[in-house]
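Everything below concerns the one structure shown next.
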Amino acid sequence: MSQFHKHHIQPKHMTGGVYDNSPDNITPPISIALHAALHKDLYEHFGKIQDLKAYKMLLGESESGVMDSPEYRKKISESLKGKHPSDETKKKLSEAKKGKPHPHKGWIVSEETRKKMSENNVGNRGRKLSDETKKKISESLKRKI
């Protein structure tokens, strides 16, 4: 019999370092392979290294190890084949996310952090972008959505 995990919909690293253990932030029990696939998807979407580490650990790889061998890639591929959440699980996940802010929106940033961010952006203020550059940026952003 396979083990089942409960997954935080918004992981600790996306909620300012605090676990939200409320029932609406926890999935119903899911397989380890699906749990790994969810972290892989979060990593591919947001690029947070914590999700890549969680993905690898759930598949039995050490936290810091990097394995790019064909055997390892095959193991990952096989573990994820046919692993999709049921319609009921999708509905529960959807309901749990409703009314919650997007992980990157609504973050509370300290005044010190705001000041540092402002200082780092000094060189970009007042810079005029060419129409060609604006178009490239626009197209790039459209591909990400």
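Values quoted throughout were computed directly from the atomic coordinates according to the rules given, and no laboratory measurement underlies them. None of the values given here were measured: they were computed from a predicted structure. Quick reminder, even Gly has a Cβ in these numbers, built from the backbone with ideal geometry, and neighbours come from all protein chains shown.
Per residue of segment 83-98, what does 6.51 cos²θ - 1.76 cosθ + 1.60 with θ = phi - 60° give for ³J(HN,Hα)? Whole Hz please, x for Gly and Pro, Karplus curve as stated.
9, 10, x, 5, 4, 5, 5, 4, 5, 5, 5, 4, 4, 5, 7, 4
With Cβ to Cβ distances under 12 Å as the rule, what net charge do the other residues near L129 carry (K, R +1; D, E -1)? Present the calculation step by step, with values, prior to reporting the outcome.
Values: positive: R127, K128, K134, K135, K136; negative: D131, E132.
Residues near L129 contribute +3 overall.
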